[in-house]
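Where a number appears in this text, it was derived from the coordinates with a stated rule and is not lab data. Because the structure is predicted, anything quoted here is derived from the model rather than measured. Here the Cβ is made from the backbone with ideal geometry for all residues, glycine too, and neighbour counts use every protein chain on show.
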Amino acid sequence: MISDLARIGPAAAIFAVLAAVAGCSSPSEAIPPLWLGEQGDPLPATLQGGVFSVQVDVNGQPGPQVLVDTGAPFARLNVEAFGGAVPLGKGIVPSMSLGGTILWKVPTYGVSSGGSDAASIDVQDGGIVGFSVFGQFPMSFNYRDASVVVGDPVLPSGLLDPFVFPMSLEGGGPGLLPDGSVTQLAPSRIILTATIEGTPRILLLDTGASSVALRSDVFQAIASDGRPQTKSAVQLVTGGTNTDVLRLANVSVGSAEVSGPLAVAGTGIDDLLVGLTTEVGHQVDGLLGAPFLQHFFVTVDYPKRRLLLHPYTTETHIIDEFHRVGILLRALVGATTTNYSVLSVFSGTDAERQGVRVGQSVLAIDGVPLGNVSPNDADRMLLGPVGSTHTLQFANRTLTLLVEELLPP
């Protein structure tokens, strides 16, 4: 992610809420909130790093963007972002709306942006909604058209026949909330067997993960063939952490296969997976996130306990963080404008060959001045299909630079 000072690496964010189990008693089903209104209409979403955010309104008042995360067992919301309508700590809001669906008496956990447990809310204004909010509905995620559907979807055009898989919900039981208190969680974890380069692995389906995240030992076994790696920074629910990144040859769930997705590993991810393994009672090897899921119109049908993956007929919407011009940007965010410079230059790239150097000011990309462009949007302007180009205006010259594969399989 890009901070006020510098971008450490290509955007990678994992927002999975993995509550550690505090005991071994049998899980009990939580009572879902009551609801009314229309279902099935696409709800416009913002996609950042392959993760969906939608507007959530509380008590009839328009609210901020909130991340929609199948890997989260409950709603974790920013109290300040909702103007005090969400209580601090464990509580209930009288009503919450997702598009045309209005829910009553929704359990939430409110986090203060100034509190000690605020690590996860600086990446999304409103926070995260999870299973306790939407687990009684079918939920669909349209990566091509940037929308979320609550309820049975009307399928858009441009889809192939779906791959359909039965699913069960695992985990639940007594879980730790951010303040250290214990609450009873309903089973919510969608655990799948995915085949990674010929080896079956146990993964959590997680729309809140912008990468395929793996345990370090699994990652290192894959990397032992000497394939290229790089470093990146990710944001977890527990805070920021550094990771190693590589490109997988292929990942498949049943007959649904994706070639070349990115995978990450690091100590922060290992810690989250330890908690998840404890909760579900068996080993979990990682998270199945956006690099795999974005190839499909994904429907998680909670009531019928099935997963549907409709392949898109075209994949022009697919964004790869390592198909980019060979530089990273540093963002210095001021009161009225943001100044950009070159943070680093990837070795062997067209940018290096044309003499781009660390510290050079970057004023515009493809004719768009960067002063009022957000750091994430500025970085995305450097991405594109391999072989395409972007024109960068520096302080003393303008260069047309090649988009390249920076992390080959």
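Observations, loosely collected:
- Mean-position separation - Cα centroids, the range 60-119 and the range 186-229, in angstrom: 29 Å
- Antiparallel bridge percentage (DSSP; both residues within the chain; nearest 5): 90 percent
- 222 nm mean residue ellipticity, helices alone, for the chain (DSSP H n ≥ 4; -39,500 (n - 2.57); rounded to 500): -2500 deg cm²/dmol
- 10 Å-binned pair-distance histogram of the range 108-220 (Cα, whole percent): 9, 31, 38, 19, 3
- Folded to 0 to 90 degrees: helix 267-280 orientation relative to the chain principal axis, Cα: 20 degrees
- Among T70, T313, T241, the largest mean-square fluctuation in a Gaussian network model of the chain, built with springs joining Cα atoms closer than 10 Å, belongs to T313.
- Overall dimensions of the range 323-405 as given by Cα atoms, namely Rg and Dmax in Å: 11.7, 37
- Charged neighbours of Q360, selected by a Cβ distance under 11 Å, balance to +3 (K, R count +1; D, E count -1).
- Note on the chain: with a GNM built from Cα contacts shorter than 10 Å, the maximum mean-square fluctuation among L382, L399, L308 falls on L399.
- Taken over the C-alpha atoms, the chain has Rg and Dmax values of 21.1, 66 angstrom.
- Here, the range 34-150 is characterised by an Rg to Rh ratio of 0.93, where Rg is the alpha-carbon radius of gyration and Rh the Kirkwood radius.
- The alpha carbon convex hull volume per residue for the range 163-311 rounds to 107 Å³.
- Shown here: the range 184-264, whose C-alpha atoms stretch 45, 34, 19 Å along the first, second and third principal axes, sorted largest to smallest.
- Max mean-square fluctuation residue, GNM over the chain, Cα-Cα springs under 10 Å, options V212, V358, V79: V358
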